[in-house]
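Step one of this worksheet: look at the structure below.
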Amino acid sequence: MNREPGVAVRRVETRPFEGQKPGTSGLRKSVREFAEPHYLENFVQAIFNTLGGDARDALVLGGDGRYGNRDAIQRILRQAAANGFRRVIVGRGGILSTPAASCLIRKHGTDGGIILSASHNPGGPDGDFGVKFNGANGGPAPESVTAAIHAASGSLDHYLTCDAPDIDLDRDGCHDLCGMQVDVIDPVADYADLLEGLFDFDALREMLGSGRFRMRFDAMHAVTGPYAREILERRLEAPAGTVMNGEPLEDFGGGHPDPNLVHAHALVALMNGDDPPAFGAASDGDGDRNMVLGRGGYINPCDSLAVLTANAHLVPGYRSLAGVARSMPTSRAVDRVAAARNLPCYETPTGWKFFGNLLDDGRITLCGEESFGTGSSHVREKDGLWAVLFWLNIIAARQQPARAILREHWRQFGRDYFTRHDYEGVDSAGAEALMAGLRERLGSLPGQQFGEEVVTEADDFAYEDPVDGSVSRGQGIRLYFESGARVVFRLSGTGTAGATLRLYCERYERDPTLLELDTQRTLAPVLDAAAAIAGIEAHTGRTTPDVIT
Ligand code: G16
């Protein structure tokens, strides 16, 4: 039920902006682009127009604290008031991690939420900004909704706002804004309570509080600092200093808040140094990604999902699983666990939004992606701290280090060697031509040999959602080889400059003597074949990737 907007409502004439098309995860653009007059307001109005009058009752609003976050929150609040919302729940300081926002949407039964984040992209005046819309289930809007928002953005001639002073975002409490109720709340408490109900906090407290198990969590000066401090240092009594870089900063301290081996260098150096902690973990700008490291190496997110699935029975909130899902480019490690446990296993396109229906329909409990995302039915987003607690819970239950658990896993299920090579900021036309060239040759590639590898199958991944029957095409080119290897080519939907080509590569190994080899060397013949087939150098001018994970 929406409210009749008050007298202070102001109609502002505007014109559509080109390209307000949400990508893999919301609208992500440079801060400069967002700074153009009306740019933010237009997109937010397009969201509200898409929602329609009946779904403008209550909203959750917050962001990862990056440059522009606070100002955007004040502007969106005025727009929400002018568009007839009755109530908006805002995280104190304008802060909400993505999983915490999902938790609040579900807890308060709001019509959805707006999360201000460009995730792992750098922040600051020269960085990126982003706006994501999540629906009433707490999850990213599905493609049908993002397409409608894009369409609405293309025909806007005005937006609504109201004249009112800024709300004090730094004080918990209830405020009135042009007749709309604004509740500023603790951004951490509800989320921390939710996680406390899923994991064995007593066992974790005993392990972390005793000091016999040392860990470090790198919040990368992004949103998870306050969450990690509350959960790890306060509720689980880990020593102060367990959380590194815990102060959220508008520019993430000049860093790139992407929890991978390249960008989480402080943590990686610590884990590779003398007397390393037993366990290391990091999260990203908005708190939904995770990277976990044991002593002696990092745990690939594909393997991580498989290990969590295989050990879920040790975790109180996950004693039984309905099923699992992974995005298509994610390695097939979890499929092997699902097959052994008779669990349904779904393969979806890249993007957390595709897990939403499967979770809502009770078909899956756990899901994950190679892009450092793991999550469950507890919210409708991937969840960095949740994944860290899941690992810690397994370590506490098995009384074994992370790497030992991983090694045993490989011995039991075999190992899916996996890597992703990113060619960032390449010329868009070249990248499109590369993909088009592959598409044209899908029929002729099977049977052809490239170096040591022979192609057996080639296709362009399409997904039919088993719940609502919607079909998503063109989700990545897959090539399968006689050696059992697979490569996937797709263009990123989250970059803001040029195109990013992603090449995903995996090969399964069962031989117990070959489970601990170097990943890049092991996959080199497949990577060479992939580069030759796609003509990466010819199309992009690049001979080596920018980031390897
Ligand atoms: C987003 C999506 C993920 C996706 C990732 C990479 O993550 O939520 O589902 O896997 O982008 O997408 P792409 O390969 O298209 O760049 P995040 O953490 O950036 O919101």
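Nothing in this text is a laboratory measurement; each read-out follows from the coordinates by a stated rule. Being a predicted model, the structure only gives us computed values, none of them experimental. Positions of Cβ are backbone-derived with ideal geometry, glycine not excepted, and every protein chain shown enters the neighbour counts.
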Checklist entry - What whole number of Å gives the distance from the Cα centroid of segment 195-268 to the Cα centroid of segment 2-76? => result 32
Checklist entry - What residues from segment 432-466 fall in the zone where the backbone N is under 13 Å from a label point 7 Å along the Cα-to-C-beta line of residue 347? => result 457-464
Item to check | Nearest-0.05 FRET efficiency for residue 360 and residue 75, computed from C-beta distance (R0 35 Å) | outcome: 0.65
Checklist entry - Sorted by mean Cβ packing within 10 Å, highest first, what order do the peptides 483-493, 226-236 take? => result 226-236, 483-493
Next on the checklist: Per-residue counts of other Cβ atoms within 10 Å, averaged by peptide: what ranking do you get for 443-452, 281-290, 209-218, highest first?
Outcome noted: 281-290, 209-218, 443-452
Checklist outcome for this item: Taking Lys and Arg as +1 and Asp and Glu as -1, residues besides residue 405 with C-beta under 13 Å from its C-beta add up to +3
Next on the checklist: Run the Debye formula on the Cα coordinates of segment 415-548, all scatterers equal and no solvent, and tell me log10 I(q)/I(0) at q = 0.10, 0.19 1/Å.
Outcome noted: -0.34, -1.12
Checklist entry - Could you state the number of Å between the C-alpha centres of segment 393-434 and segment 493-526? => result 8
Checklist outcome for this item: re segment 1-104: pairs of Cα atoms spaced beyond 17 Å account for a percent value of 57
Checklist entry - Taking the Cα atoms only, what angle lies between the long axis of helix 39-51 and the longest principal axis of the chain, rounded to 10 degrees? => result 90
Item to check | Quotient of C-alpha Rg and 2.2 N^0.38 Å, computed over the chain | outcome: 0.95
Next on the checklist: Between 0 and 90 degrees, rounded to the nearest ten: what's the tilt of helix 384-398 against the longest Cα principal axis of the chain?
Outcome noted: 50
Checklist outcome for this item: At R0 = 25 Å the Cβ-Cβ FRET efficiency linking residue 14 and residue 54, nearest 0.05, sits at 0.55
Item to check | Cα long-axis angle, helix 519-534 against the chain (0 to 90 degrees, to the nearest 10) | outcome: 70
Checklist entry - Straight-line reach from residue 107: which lysines have Cα under 23 Å away, leaving out those fewer than 8 places along the same chain? => result 132, 353, 382
Checklist outcome for this item: Mean Cβ-within-10 Å packing, highest first, puts peptides 112-118, 70-76, 296-302, 9-15 in the order 112-118, 296-302, 70-76, 9-15
Checklist entry - For segment 289-340, rounded, prolate or oblate, judged on the Cα gyration tensor with a ≥ b ≥ c (square roots of eigenvalues), a/c < 1.5 rounded, else prolate if a/b > b/c? => result oblate
Checklist entry - For residue 139, what charge total do you get from the other residues with a beta carbon under 15 Å from its beta carbon, if Lys and Arg give +1 and Asp and Glu give -1? => result -4
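Please give me the summed charge of the neighbours of residue 150: other residues whose Cβ is under 12 Å from its Cβ, Lys and Arg +1, Asp and Glu -1.
Net of charged neighbours comes to -1.
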Item to check | Debye, to nearest 20: dipole size of the chain, +1 on Lys, Arg Cβ, -1 on Asp, Glu Cβ | outcome: 760
Next on the checklist: Distance between the C-alpha centers of segment 133-159 and segment 453-490? Whole Å please.
Outcome noted: 28
Checklist entry - In nm, to one decimal, how far is the residue 497 label point from the residue 547 one, both placed 7 Å along Cα→Cβ? => result 1.3
Checklist entry - So which cysteines of the chain have no other cysteine's Cβ under 4.7 Å from theirs? => result 103, 174, 302, 345, 367, 505
Next on the checklist: Positive end of the dipole of the chain, charges at C-beta (+1 Lys, Arg; -1 Asp, Glu), about the Cα centre: which of 88, 65, 281 has its Cα farthest in that direction?
Outcome noted: 281
Item to check | Three-way shape label, segment 362-478, alpha-carbon gyration tensor, a/c 1.5 | outcome: prolate
Checklist outcome for this item: Computed Rg/Rh for segment 136-242 (Cα atoms; Rh = Kirkwood radius) stands at 1.14
Checklist outcome for this item: So, relative contact order of the chain in percent, Cα under 8 Å, 6 or more apart, is 13
